[in-house]
1. Could you tell me whether THR16 is touching a strand residue (DSSP E or B) at 6+ places or on another chain (Cβ under 8 Å), free of Cβ contacts under 8 Å to residues at least 24 places away in the same chain and not in a strand (DSSP E or B)?
2. Specify the residue that is farthest from GLY88 (Cα to Cα); the eligible residues are those in region 1-24 that are aliphatic (A, V, I, L, M) and modelled with pLDDT under 70.
3. Taking into account only those residues within region 52-81 that are not in a strand (DSSP E or B) and not charged (D, E, K, R), which is surrounded by the most Cβ atoms within 10 Å (Cβ to Cβ)?
4. Check whether at least one residue in region 116-124 is more than 23 Å from ASN46 (Cα to Cα), at pLDDT below 95, of a type in the set (Asp, Glu) and in a loop (DSSP other than H, G, I, E, B), and report yes or no.
5. Out of curiosity, is VAL106 touching a residue at least 24 places away in the same chain (Cβ under 8 Å), out of contact with any Pro (no Cβ under 7 Å at 6 or more places or on another chain), part of a strand (DSSP E or B) and under 22 Å from CYS14 (Cβ atoms)?
6. What residue, among those in region 12-48 that are of a type in the set (S, T, N, Q) and closer than 24 Å to ALA113 by Cα, is surrounded by the fewest Cβ atoms within 10 Å (Cβ to Cβ)?
7. Could you check region 93-103 and list, in sequence order, the residues that are among the hydrophobic types (A, V, I, L, M, F, W, C) and either in contact (Cβ under 8 Å) with a residue 24 or more places away in the chain or more than 21 Å from ASN54 (Cβ to Cβ) (or both)?
8. Only residues in region 62-91 that are at positive phi count as the first member; pair them with residues that are hydroxyl-bearing (Ser, Thr, Tyr) and in a strand (DSSP E or B), Cβ under 8 angstrom, at least 6 apart or cross-chain, and list the lot.
Amino acid sequence: MLESLAKKSNEKPCNTIDTLVGARTELKGDIVFSGGLRVDGKIRGNITSSGEENSTLVLSENGMITGDVTVPHMIINGKVNGNVHASGRIEVQPKAEITGDLIYKVLEIAAGAVINGAVKRDMTDKGAVVARLKPAETGGMRSETNKHV
């Protein structure tokens, strides 16, 4: 179903990494990027894409962002202390921890991910919106905010 939504919206995520912030790198300041950005290190500042509909941010499990993030597509498995806005698709992986509000158009969230803040659907486009939860291997899932999922 997600594949058909991506084809309808013509907003396919970027599948290449143009910029890498290495594991032993710490940056202070805002970042504006296009294409693919992978963060394995630490960033203290806001991250924004430069308007390309397919720009993608990948935050690895060792990566950390302190600041607001506004990009079309994201894969998060690290820590974000700030508000997150995905105008396209966001995948919140098992080791992700977001402390701040999350605004999404298409959301995939894995068991084990933590979101401490409000989770809101972006209603600017009235097209189909999908929120999919991955079932936990043992036990059920909780859909409330400020809880482990």
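1. On the way: touching a strand residue (DSSP E or B) at 6+ places or on another chain (Cβ under 8 Å): yes; free of Cβ contacts under 8 Å to residues at least 24 places away in the same chain: yes; not in a strand (DSSP E or B): yes.
Here the answer is yes, as THR16 does meet what is asked.
2. To start, the set of residues in region 1-24 that are aliphatic (A, V, I, L, M) comprises 1-2, 5-6, 17, 20-21, 23.
When the remaining residues are screened for being modelled with pLDDT under 70, the result is 1-2, 5-6.
On the way: MET1: 15, LEU2: 11, LEU5: 10, ALA6: 9 Å.
Result: MET1.
3. From region 52-81, those not in a strand (DSSP E or B) are 52-55, 60-63, 67-68, 77-78; that's our starting set.
Remaining after also requiring not charged (D, E, K, R): 54-55, 60, 62-63, 67, 77-78.
Numbers: ASN54: 18, SER55: 24, SER60: 18, ASN62: 15, GLY63: 22, GLY67: 19, ASN77: 19, GLY78: 21.
Filtering first and then ranking leaves SER55.
4. no
5. yes
6. In the first step, residues of region 12-48 are kept if they are of a type in the set (S, T, N, Q); the result is 15-16, 19, 25, 34, 46, 48.
Next, from what is left, pick out any that are closer than 24 Å to ALA113 by Cα: 15, 46, 48.
Values: ASN15: 9, ASN46: 17, THR48: 18.
Taking the candidates together, the pick is ASN15.
7. Pass one, region 93-103, residues among the hydrophobic types (A, V, I, L, M, F, W, C): 96, 98, 102-103.
Matches in region 93-103: ALA96, ILE98.
8. Hits for this filter: GLY82/THR66; GLY82/THR99.
The values are calculated or read from the model by the stated rules, or taken from the named source; none is laboratory data. All figures in this text were calculated on a predicted structure; none of them were measured in a lab. A quick note on method: Cβ atoms are made from the backbone with ideal geometry, for glycine too, and the neighbour counts reach across all protein chains shown.
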